[in-house]
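Engineer: Dropping a structure here in structure tokens format, bear with me for questions.
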Amino acid sequence: MKTDHFVLICRELVKKPEATQRELAASGKVSLGVVNATIKTCLSSGYLMQSNPRKLTVTEKGKAELEKYRVKNAIILAAGFGFRYTPLTYETPKGLLEVHGQPMIERQIEQLIEKEITEIIIVVGYKKERFDYLIDKYCVKLVYNPEYASKNNFVSLYNAKDYLGSTYLLMSDSWINNNIFNTYESQSWFSCLYFKGDTTEWCVKATPSGKIESISTGGKDSLAIVGPAFLSPSFTGTYKQYLSDYYNRPGTDDYCWESILKEQINTLPIYINEQTGNVHEFENLDELMKFDPTYTEISNKEIMVSISAHYNVPEHKIFEIYPIKEGMTNSTFHFSVGEDKYTYRIAGPGIDKLINRKNEKTIYNAIRNTKISDDVMLLCTKSGVKISKFIEKTRHADPNDDTELQICMDKLRFIHELGITCPHRYGIDKMIDYYTTLSENLNAIYFTDIEEIKQKVQRLLDITQNLNIPEVLCHGDYVHTNILILPDASVKVIDWEHSGMGDPIMDVAMFAIFAQFDKPRIDALLGMYLQNEPSREERLRLYLYIALSGFLWCMWSQYKQAIGEEFGEYPLKMYRYMKDYYNIVMEYVN
């Protein structure tokens, strides 16, 4: 008798002793022959007792044996932002979005508790405070993933690895119609859905017994892994070793927990549990709207309501909603109304203290007729919301392609030569002071030598005061992700919120440090911009702004991290630009 057959049959008989053999076969997804053979063996082993022809009772011995396969706990991964549900997740974490009036994560929790699984661990990150109420309501445990913003969900599981045993693993944004969980499980399985035609899902090939042999990205007319999984103790014992290994490997930041399964499937036995039509994972807000009609009437989310009001259309007339850009300052998503397509920018947390939106609006009005940027339809100086016409078939400039790098520098030179002026400056001195003060007020600066570096920064600022360079309109955040290449090779430059009058070479420096260029590449960039060999003074100015910009964005990211965002190694790299290029500047001036 196979262990999994024993568990499949006996767990059903515990719930329903009068179950027929056909019902047992259906519930366990096995043949009548397997049911008959398993019952016969269980009767002879003393695991079952037949009190009458229509009733099979699991004996105390059988219950004791079954108890060995009791599911220990469940882990729900809920740390991520949930780009699929843009823009709703700008306000609400994905797992707390409601379907048919109930948050998706609550439905899963209640289904688990219904099967006596009460140790439930939720790994949180984005808007983690929103999950706290679940502790009081369901006695769950919260585990925080501090790297949720910079790494994929295998790191969430890594943070909860000590809980792995006989474990259900769930995604917080899955919706399960009928409860698929059990009090007892014997072998690992993964929920699989059938996709007709071409699909980009992770498709599986399996043996006749249902054991998954391989997982591939994309396929046609295939089952694919979607939704929850059960991981047996033997599975998790091996998987935990892989988790630690992959966590310490370079190049795994984008891995999800299934990536490890895919690469190590030969040593991680897991079976198909087909749940087509029962388990749902919505690819975007449009799919969610189709599944739950209440979303087509009113989402109860401020962003959707504001779009509806601005364009005077009901919410179900707003469609093709998907994220475009998750920047370090703002987030942007696409939406359509009728035949018109737009982008909607949402200001990031704390940005109201960093950006003067009135100045930004002044810049957009000044450049409106130049066609160098996106066509702004609405810019709210209070909230920072910006709605622009969507520019189709664009891509970000590639800073590692010399041809596109020259295009970027040519466009920058063109902007500087337009002769546009504005009443405010891009005052790097004031910005450094402002960001540093914000960070210090939150005790967010952890560099041991910060006081020494601040003195060096002041020395660099003193040098800039004596340059006497004619100022031009500078973009202020001229980085490759703000430069869009169109199919005809023309260029649009977006996100002018940092713009003001300043030294044009400052924009070159901003491009260089965002692309994380080394010194030879930085020197080459200046030559591309100037279209000739840079003078000693021009090199000095570039190195000055490399150092100052590095410190500026280091302080900016320190503040952003203090209010809950994560930037990984970015502050360290920016701090290093300051130190290294300070030394270079000193060689020039001494």
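Engineer: Tell me which residues, restricted to the range 551-590, are in contact with a Pro (Cβ under 9 Å, 6 or more places away or on another chain) and open to solvent by 50 Å² or more (accessible area, probe 1.4 Å).
Structural biologist: Passing the criteria: Q561, I563, E566.
Engineer: Return the residues of the range 470-486 that are surrounded by 13 or more Cβ atoms within 10 Å (Cβ to Cβ) and over 16 Å from M510 (Cβ atoms); say none if nothing qualifies. Don't jump to the end; show me each part of the working.
Structural biologist: So the first thing to find is which residues in the range 470-486 are surrounded by 13 or more Cβ atoms within 10 Å (Cβ to Cβ), and the list is 471-486.
Listed by number, the residues that qualify are L484, I485, L486.
Engineer: Report yes if some residue within the range 457-469 is open to solvent by 20 Å² or more (accessible area, probe 1.4 Å) and more than 17 Å from R541 (Cβ to Cβ); otherwise report no.
Structural biologist: The answer is yes, given that some residue of the range 457-469 is open to solvent by 20 Å² or more (accessible area, probe 1.4 Å) and more than 17 Å from R541 (Cβ to Cβ).
Engineer: Just to be sure, is F131 aromatic (F, W, Y) and open to solvent by 10 Å² or more (accessible area, probe 1.4 Å)?
Structural biologist: Numbers: aromatic (F, W, Y): yes; open to solvent by 10 Å² or more (accessible area, probe 1.4 Å): no.
No: the conditions fail for F131.
Engineer: Hey, among the residues in the range 1-12 that are free of Cβ contacts under 8 Å to residues at least 40 places away in the same chain and part of a helix (DSSP H, G or I), which one's least open to solvent (accessible area, probe 1.4 Å)? Spell out how you get there, then give the answer.
Structural biologist: Here is the first cut: in the range 1-12, the residues free of Cβ contacts under 8 Å to residues at least 40 places away in the same chain are 2, 5, 9, 12.
Then drop every residue that is not part of a helix (DSSP H, G or I), which leaves 5, 9, 12.
Values: H5: 34, I9: 2, E12: 36 Å².
So the residue we want is I9.
Engineer: When the residues of the range 387-407 are narrowed to those that are among the hydrophobic types (A, V, I, L, M, F, W, C) and under 26 Å from Y344 (Cβ atoms), which ends up most open to solvent (accessible area, probe 1.4 Å)?
Structural biologist: F390
Engineer: So which of K15, K94, K29, K55 is at pLDDT below 95, basic (K, R), more than 30 Å from F333 (Cβ to Cβ) and touching an Asp or Glu at 6+ places or on another chain (Cβ under 6 Å)? Working first, answer last.
Structural biologist: Values: K15 fails: touching an Asp or Glu at 6+ places or on another chain (Cβ under 6 Å); K94 fails: more than 30 Å from F333 (Cβ to Cβ); K29 fails: touching an Asp or Glu at 6+ places or on another chain (Cβ under 6 Å).
Unique residue meeting the criteria: K55.
Engineer: Can I ask one more? Quick one: is I113 surrounded by fewer than 22 Cβ atoms within 10 Å (Cβ to Cβ) and either on the phi < 0 side of the Ramachandran plot or at pLDDT below 95 (or both)?
Structural biologist: On the way: surrounded by fewer than 22 Cβ atoms within 10 Å (Cβ to Cβ): yes; either on the phi < 0 side of the Ramachandran plot or at pLDDT below 95 (or both): yes.
So I113 fits the description; yes.
Engineer: With the requirement that a residue be in a helix (DSSP H, G or I) and surrounded by fewer than 21 Cβ atoms within 10 Å (Cβ to Cβ), what does the range 13-26 give you? It would help to see each step written out before you state the result.
Structural biologist: From the range 13-26, those in a helix (DSSP H, G or I) are 13-15, 21-26; that's our starting set.
Correct list: V14, K15, Q21, R22, E23, A25, A26.
Engineer: Of everything in the range 492-529 that's of a type outside the set (D, E, K, R) and free of Cβ contacts under 8 Å to residues at least 12 places away in the same chain, which residue is least open to solvent (accessible area, probe 1.4 Å)? Walk me through how you get there before you give the answer.
Structural biologist: Going through the range 492-529, the residues of a type outside the set (D, E, K, R) turn out to be 493-494, 496, 498-502, 504-506, 508-517, 520, 522, 524-529.
Add one more test, that the residue is free of Cβ contacts under 8 Å to residues at least 12 places away in the same chain, and what stays is 520, 524, 527.
Working: P520: 95, A524: 47, G527: 21 Å².
Only one residue fits best here, namely G527.
Engineer: A further question follows. Tell me which of these D254 doesn't satisfy, since it passes every other one: (1) open to solvent by 60 Å² or more (accessible area, probe 1.4 Å); (2) over 22 Å from the mean Cα position of the chain (by Cα).
Structural biologist: Answer for D254: the failing condition is (2).
Engineer: Does K196 meet the test of being in contact (Cβ under 8 Å) with a residue 60 or more places away in the chain and basic (K, R)? Even if it seems obvious, please write down each step before you answer.
Structural biologist: Details: in contact (Cβ under 8 Å) with a residue 60 or more places away in the chain: no; basic (K, R): yes.
Answer is no for this residue.
Engineer: Tally up the residues in the range 146-163 that are assigned to a loop (DSSP other than H, G, I, E, B), under 20 Å from I105 (Cβ atoms) and either open to solvent by 10 Å² or more (accessible area, probe 1.4 Å) or not aliphatic (A, V, I, L, M) (or both), please.
Structural biologist: Within the range 146-163, residues that are assigned to a loop (DSSP other than H, G, I, E, B), under 20 Å from I105 (Cβ atoms) and either open to solvent by 10 Å² or more (accessible area, probe 1.4 Å) or not aliphatic (A, V, I, L, M) (or both) number 4.
Engineer: Look through the range 45-73, keep the residues that are outside any strand (DSSP E or B) and among the β-branched types (V, I, T), and return whichever of them is least open to solvent (accessible area, probe 1.4 Å).
Structural biologist: Checked the range 45-73; the qualifying residue least open to solvent (accessible area, probe 1.4 Å) is V71.
Engineer: While we're looking at this one, here's another question. Of (1) open to solvent by less than 20 Å² (accessible area, probe 1.4 Å); (2) over 24 Å from S331 (Cα atoms); (3) out of contact with any Pro (no Cβ under 9 Å at 6 or more places or on another chain); (4) not in a loop (DSSP other than H, G, I, E, B), L542 satisfies all except one. Which?
Structural biologist: It is condition (3) that L542 fails.
Engineer: How many residues does the range 360-373 hold that are open to solvent by 20 Å² or more (accessible area, probe 1.4 Å) and within 31 Å of the chain's Cα centre (by Cα)? Can you show your working first?
Structural biologist: Let us first name the residues in the range 360-373 that are open to solvent by 20 Å² or more (accessible area, probe 1.4 Å), namely 361-362, 365-366, 368-371.
Restricting the remaining residues to those that are within 31 Å of the chain's Cα centre (by Cα) gives 361.
Residues that pass the stated criteria total 1.
Engineer: Is there a residue being more than 30 Å from M304 (Cα to Cα) and either without any contact (Cβ under 8 Å) to a residue 40 or more places away in the chain or in contact with a strand residue (DSSP E or B) (Cβ under 8 Å, 6 or more places away or on another chain) (or both) anywhere in the range 120-128? Show your work before the answer.
Structural biologist: As a first pass, look at the range 120-128 and keep what is more than 30 Å from M304 (Cα to Cα): 120-121.
From what is left, the residues that are either without any contact (Cβ under 8 Å) to a residue 40 or more places away in the chain or in contact with a strand residue (DSSP E or B) (Cβ under 8 Å, 6 or more places away or on another chain) (or both) are 120-121.
Yes, some residue in the range 120-128 is more than 30 Å from M304 (Cα to Cα) and either without any contact (Cβ under 8 Å) to a residue 40 or more places away in the chain or in contact with a strand residue (DSSP E or B) (Cβ under 8 Å, 6 or more places away or on another chain) (or both).
Engineer: Right, here's the next one. Could you grab the pairs with beta carbons closer than 8 Å, sequence gap of 6+ or different chains, first residue in the range 419-436 and hydroxyl-bearing (S, T, Y), second one modelled with pLDDT of 90 or more and open to solvent by 30 Å² or more (accessible area, probe 1.4 Å)?
Structural biologist: That search, which allows pairs on different chains as well, returns T421/A366; T436/K454.
Engineer: Pairs under 8 Å by beta carbon, first residue at pLDDT 90 or above in the range 139-162, partner among the basic types (K, R), six or more apart or different chains?
Structural biologist: L142/K128; Y144/K128; K161/K240
Engineer: Any idea which of (1) assigned to a helix (DSSP H, G or I); (2) hydrophobic (A, V, I, L, M, F, W, C); (3) buried (at least 22 other Cβ atoms within 10 Å of the Cβ); (4) within 43 Å of the chain's Cα centre (by Cα) is the one C42 doesn't satisfy?
Structural biologist: (4)
Engineer: Taking the range 87-110 as the search range and keeping residues that are in contact with a Leu (Cβ under 7 Å, 6 or more places away or on another chain) and not in a helix (DSSP H, G or I), which one is least open to solvent (accessible area, probe 1.4 Å)?
Structural biologist: Within the range 87-110, the match that is least open to solvent (accessible area, probe 1.4 Å) is L97.
Engineer: With the requirement that a residue be assigned to a loop (DSSP other than H, G, I, E, B) and either without any contact (Cβ under 8 Å) to a residue 40 or more places away in the chain or surrounded by fewer than 17 Cβ atoms within 10 Å (Cβ to Cβ) (or both), what does the range 267-284 give you?
Structural biologist: Here is the first cut: in the range 267-284, the residues assigned to a loop (DSSP other than H, G, I, E, B) are 268-270, 275-278, 282-284.
Passing the criteria: P269, T276, G277, N278, E283, N284.
The values are calculated or read from the model by the stated rules, or taken from the named source; none is laboratory data. This is a predicted model, so every value here is computed, not measured. We place every Cβ from the backbone using ideal geometry, glycine too, and count neighbours over all the protein chains shown. Protein only, heavy atoms only, side chains kept; ligands, DNA and RNA dropped before computing areas. Shrake-Rupley method; radii C 1.70, N 1.55, O 1.52, S 1.80 Å.
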